[in-house]
Amino acid sequence: MAWLRDLIRKDLSGVDKYRYGKPISELQRELGLERIVRLSSNENPWPLPDSVKRAIQTSLENVNRYPDPRSYRLRRLLARKWGVSTGEIIIGAGTESILHSLFHSIIAFGDGIVCPVPTYPLYRVAAIASGAAFVEVPVREGGTWEIKDIVDACTGRVKAVVLSNPSNPLGTFLERERMLNLAHELDSRQILLVVDEAYAEYVDDPNYLSGIELFRDIGRVVITRTFSKIYGLASLRVGYAIAPKTVADAFDKIHPVFEVSRVGQYAAHAALLEAEFINGIRLKTISERNRITQSLSEIGVHTEQTRTNFILVKHRKSDEVYEGLLREGVIVRKASDLGLDGFLRVTVGLPEENEYFLSSIKKVLAKLG
Ligand SMILES: Cc1ncc(COP(=O)(O)O)c(C=O)c1O
């Protein structure tokens with residue numbers, strides 16, 4: 001069977017399988033617990049609006065047919081929302097799939113992709129899968145990146161920089177001036193800036209530069225967004241990007257043609273029309289987020305500032321706290337899996353889930369002493 005091993009690309013030996021947050025069913029099997037709360041994947045926990053449920057129902061009528069490969073209705077709505085042409089919109093099965101195809105469409109074997117870390121681990125997987133060298137730029141003391149460090153890493157055959165803004169796992173964003181500076185520096189070096197804005201809808205701060213402003217200003221940037229977070233459609237797999245037409249055309253040539261299901265297209269279209277409802281989700285999330293951080297601070301637990309729907313909880317015994325929470329039926333994310341030791345990443349859940357998390361962590365900490 002050695003030849004089978006030899007068949008596999010050698011550069012994949014440096015890629016670990018993605019460590020996702022533990023599924024509820026797995027913990028149930030392991031511990032036989034009745035109540036399990038999963039706060040590990042930054043999903044929106046609130047129920048969908050009725051209009052989205054109705055759209056999903058309608059979409060089911062024709063699931064025997066292939067979906068529209070261009071996602072035309074959704075594409076037109078997105079183009080109108082952002083004031084761009086339909087040819088500048090990319091639609092794919094989530095950010096993950098979009099990044100895979102995007103990197104495949106710009107990378108020749110041995111080119112480079114630069115990425116400030118810690119970050120969302122799938123950038124590395126997508127980069128390496130496309131044949132790129134993945135160049136990491138470590139965060140500085142104080143929890144942010146120097147623009148100069150990122151630009152300095154862009155040597156040789158680097159084609160793109162990929163950045164999560166707001167950052168997963170840090171929860172913070174690069175401020176307006178620094179973002180503009182980075183975008184202009186990269187543009188002058190003919191390097192494509194790819195900004196993943198999976199959590200942008202949670203931010204309401206004039207100092208946050210949404211990628212659409214960069215797109216209007218520079219044009220030669222790619223901005224990804226997802227329906228998996230605030231729009232509540234994680235399992236339907238829909239994401240989109242705003243991209244220069246040349247890049248969008250290349251993407252169209254190689255991405256899986258029918259990757260976005262009809263159900264996903266209908267649901268995303270309906271969700272996009274629910275601006276007020278979505279703003280309500282944002283407000284509820286922020287209010288719950290404040291309540292959690294306040295309660296943690298009252299018991300002496302430090303949390304980092306966050307602009308997203310997740311909270312970084314600092315603890316010198318974070319792995320033990322993680323295990324203790326699992327035994328209580330609470331699944332959070334070990335931030336060490338995301339390159340950040342000494343922290344847990346906790347998604348803001350429904351009020352009763354957050355309450356359960358708070359009472360569980362109090363128990364766990366009391367046992368740890
Ligand atoms: C930074 C970031 N980008 C993208 C995603 C997921 O995107 P999608 O579900 O659209 O593939 C996540 C999910 O955790 C994320 O944290």
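Every read-out reported here was derived from the displayed coordinates using simple, explicitly stated rules and does not represent laboratory data. Being a predicted model, the structure only gives us computed values, none of them experimental. No Cβ is skipped: glycine too gets one built from the backbone with ideal geometry, and neighbour counts run over all protein chains shown.
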| trypsin sites (Lys or Arg not before Pro) restricted to the stretch 56-101 and DSSP loop, no more than 11 other C-beta within 10 Å | Arg65
| query | Given a cut-off of under 8 Å on Cα pairs at least six residues apart, what relative contact order in percent is computed for the stretch 65-273? | reply | 27 percent
| note | Subtracting the Cα-Cα distance of Arg65 and Arg316 from 0.36 nm times their residue separation yields 85.0 nm
| By how many nm would the segment from Leu273 to Ala366 lengthen if fully extended, with 0.36 nm per residue of separation less the alpha-carbon distance? | 28.8 nm
| Arranged from highest to lowest average of other beta-carbon atoms within 10 Å per residue, in what order do the peptides 145-154, 238-247, 108-117 appear? | 238-247, 108-117, 145-154
| Assigned charges on the beta-carbon of Lys, Arg, Asp, Glu; the stretch 45-117 dipole about Cα centre (debye) | 400 debye
| Got a sec? How would Met1, Met179 order by Cβ neighbour count within 10 Å, fewest to most? | Met1, Met179
| How much mean residue ellipticity at 222 nm does the chain get from its helices, if each DSSP H run of length 4 or more adds -39500 (n - 2.57) and you divide by all residues, to the nearest 500 deg cm²/dmol? | -13000 deg cm²/dmol
| request: Using DSSP, restrict attention to beta bridges with both residues in the stretch 65-273 and report what percent are antiparallel, rounded to the nearest 5. | output: 35 percent
| query | Going by how many other beta carbons lie within 10 Å of each one, how would you line up Phe251, Phe173, fewest first? | reply | Phe251, Phe173
| request: Count neighbours as other Cβ atoms within 10 Å of each site's Cβ, and list the trypsin sites (Lys or Arg not before Pro) in the stretch 1-60 that are DSSP loop with at most 15 such neighbours. | output: Arg9, Lys17, Arg19, Arg35
| So what is the relative contact order of the stretch 150-229, in percent, for Cα pairs below 8 Å that sit 6 or more residues apart? | 33 percent
| query | What ranking, highest mean first, results for peptides 326-336, 91-101, 282-292 when packing means the other Cβ atoms within 10 Å averaged over each residue? | reply | 91-101, 326-336, 282-292
| field | Gap separating the Cα centres of the stretch 242-275 and the stretch 162-217, nearest whole Å | value | 21 Å
| field | Within straight-line cross-link reach of Lys53, lysines at Cα separation under 26 Å, skipping those fewer than 8 residues along the same chain | value | Lys81, Lys229, Lys284
| Within the stretch 3-103, which chymotrypsin sites (Phe, Trp or Tyr not before Pro) sit in a loop by DSSP and count at most 15 neighbouring Cβ atoms inside 10 Å? | Tyr18, Tyr20
| Hits among aspartates and glutamates - C-alpha to C-alpha of Lys367 under 13 Å, sequence gap 8 or more where chains match | Glu320, Glu323, Glu328
| task | Evaluate E = 1/(1 + (r/R0)^6) for Arg282 and Asp11, where r is the Cβ-Cβ distance and R0 equals 35 Å; express this FRET efficiency to the nearest 0.05. | result | 0.30
| field | Antiparallel bridges, percent of DSSP beta bridges restricted to the chain (to nearest 5) | value | 45 percent
| task | Provide Rg and Dmax in Å for the stretch 65-273, with only Cα atoms included in the calculation. | result | 16.1, 53
| said: Take the residue pairs Lys148/Lys245; Lys17/Lys159; Lys317/Lys363; Lys317/Lys362; Lys314/Lys334 and return only those whose Cα atoms are more than 18 Å apart. | reply: Lys148/Lys245; Lys17/Lys159
| query | Nearest 20 debye, what's the magnitude of the dipole of the stretch 155-224 about its Cα centre given +1 on Lys and Arg Cβ and -1 on Asp and Glu Cβ? | reply | 480 debye
| remark: Restricting to Cα pairs under 8 Å and 6 or more apart, the percent relative contact order of the chain works out to 23 percent
| message | What's the magnitude of the charge dipole for the chain around its Cα centre, counting Lys and Arg as +1 and Asp and Glu as -1 at the beta-carbon? Answer in Debye, nearest 20. | response | 640 debye
| note | Ranked from fewest to most other Cβ atoms within 10 Å of their own Cβ, Tyr199, Tyr66 fall in the order Tyr66, Tyr199
